[in-house]
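Contents: one structure, followed by commentary.
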Amino acid sequence: MSNTQSTPQGLADEPSRAAYRDYTQPGIDRVREFYRNNHTYQTLDFVLAKKNKWLPFQQRQMTPWEGLDYLNTLVDESDPDINLPQISHLLQTAEAIRADGHPDWFVLTGFVHDLGKVLCLFGEPQWAVVGDTFPVGCRHSHQIVYPEFFAANPDSQDKRYDSELGIYSARCGLDQVHMSWGHDEYLYHLLKNYLPEPAQYMIRYHSFYAWHKEGQYRHLTDARDDANLAWVQKFNPYDLYSKNPNPPVMAELKPYYEDLLAKYLPATLKL
Ligand SMILES: [Fe+2]
Ligand SMILES: [Fe+2]
């Protein structure tokens, strides 16, 4: 383990929590348009095709830092709260987790949880990378953001999928459920062998607000999902509320995070 230590930064001047995830604020058209595409085109067939394409991880190789550096060029169109570079969001999330004294694997999870957005580097449209996620192959919950846009999704008219269980069996477990395709599922498969189970859940389901915030889809979860829900919920406020305009200084913190990445992850990731 590293001897590199530094003091957690970037927790001052946090806006009030009610100000986050407000989809009615002015200038939100970008987010609406994002979800119109996301909800229209994320079908079961689309998800299966993306899994086929990306989960063999045969596209290219890069170090974790190269991936993080790339994220600096990306502005997430689905996020009503943040115009900061992605790396700043990751650093703020991780620093807030560290400030609360959580274990280092939890801090690392905060630091890498959006690394799957490198899919944008490979030419994927944002509606197939970011935004809230939801199960496909069964009826869409009305608790998903902008539920009206699912009317244009072909799966909504397909009798195989348009029921509460759809293609699944009751309490089958989320591991059996295909989620809308995006950075969460992609990164979970990329890192699942290196991180403890709660970290895997945080990464895989951090955008599944209909489950971890709204309590939907409990007919699909199993005991393992139920046991890990609290971890996903514990992670969420760090992802959401650490988006503050006074970012911590990466230059001072880089040695600590380099050591943390080296402790858990391979030097090169096959993406
Ligand atoms: Fe994310
Ligand atoms: Fe995030």
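The values are calculated or read from the model by the stated rules, or taken from the named source; none is laboratory data. Because the structure is a prediction, the values reported are computed rather than measured. Because the Cβ atoms are built from the backbone with ideal geometry, glycine has one as well, and the counts that use them run over all protein chains shown.
None of Tyr194, Tyr217, Tyr209 is within 30 Å of Leu271 (Cβ to Cβ), touching a strand residue (DSSP E or B) at 6+ places or on another chain (Cβ under 7 Å) and among the aromatic types (Phe, Trp, Tyr) except Tyr217. Selection of the stretch 70-86 for residues being more than 10 Å from ligand 2 (Cβ to nearest atom) and under 15 Å from Leu187 (Cβ atoms) yields Tyr70, Leu71, Leu74.
Count of the stretch 82-99 residues, restricted to those that are assigned to a loop (DSSP other than H, G, I, E, B) and free of Cβ contacts under 8 Å to residues at least 60 places away in the same chain, is 2. Gly166 fulfils the conditions (1) touching a Cys at 6+ places or on another chain (Cβ under 7 Å); (2) surrounded by fewer than 19 Cβ atoms within 10 Å (Cβ to Cβ); (3) small (Gly, Ala, Ser) except for a single criterion, (2).
When restricted to residues that are surrounded by 20 or more Cβ atoms within 10 Å (Cβ to Cβ), away from ligand 2 (no atom under 16 Å from the Cβ) and closer than 18 Å to Leu84 by Cα, the stretch 218-271 contains 1. Residues that are loosely packed, with under 12 Cβ neighbours inside 10 Å and either at positive phi or modelled with pLDDT of 70 or more (or both) do not occur anywhere in the stretch 86-96. The condition of being over 25 Å from Glu77 (Cα atoms), away from ligand 1 (no atom under 16 Å from the Cβ), free of Cβ contacts under 8 Å to residues at least 40 places away in the same chain and surrounded by fewer than 24 Cβ atoms within 10 Å (Cβ to Cβ) does not hold for Arg171.
Residues of the stretch 43-77 that are modelled with pLDDT under 85, surrounded by 14 or more Cβ atoms within 10 Å (Cβ to Cβ) and either acidic (Asp, Glu) or in contact with a Ser or Thr (Cβ under 9 Å, 6 or more places away or on another chain) (or both): Asp76, Glu77. Inspect all residues belonging to the stretch 123-144 and state whether any of them is at pLDDT 95 or above, away from ligand 2 (no atom under 14 Å from the Cβ), in contact with a His (Cβ under 8 Å, 6 or more places away or on another chain) and part of a helix (DSSP H, G or I). Checked against the condition, which is being at pLDDT 95 or above, away from ligand 2 (no atom under 14 Å from the Cβ), in contact with a His (Cβ under 8 Å, 6 or more places away or on another chain) and part of a helix (DSSP H, G or I), the stretch 123-144 yields no hits at all. Beta carbons closer than 7 Å, at least 6 apart along the sequence or on distinct chains, pair a first residue in the stretch 112-130 that is under 12 Å from Tyr186 (Cβ atoms) with a second that is more than 16 Å from ligand 2 (Cβ to nearest atom) and of a type in the set (Lys, Arg) for Ala128/Lys50. Can we say Val107 is surrounded by 20 or more Cβ atoms within 10 Å (Cβ to Cβ), away from ligand 1 (no atom under 16 Å from the Cβ) and touching a residue at least 60 places away in the same chain (Cβ under 8 Å)? In short, yes. Among the residues making up the stretch 43-81, those that are touching a residue at least 24 places away in the same chain (Cβ under 8 Å), assigned to a loop (DSSP other than H, G, I, E, B) and farther than 20 Å from Pro248 by Cβ are Thr43, Leu55, Phe57, Gln58, Gln59, Arg60, Thr63, Glu77, Ser78, Pro80.
Those residues that are among the charged types (D, E, K, R) and assigned to a loop (DSSP other than H, G, I, E, B), I need them from the stretch 107-122; list them, please. Within the stretch 107-122, Asp114 is the sole residue that qualifies. Restricting attention to the stretch 196-224, the residues being of a type in the set (Asp, Glu) and over 20 Å from Val145 (Cα atoms) number 2.
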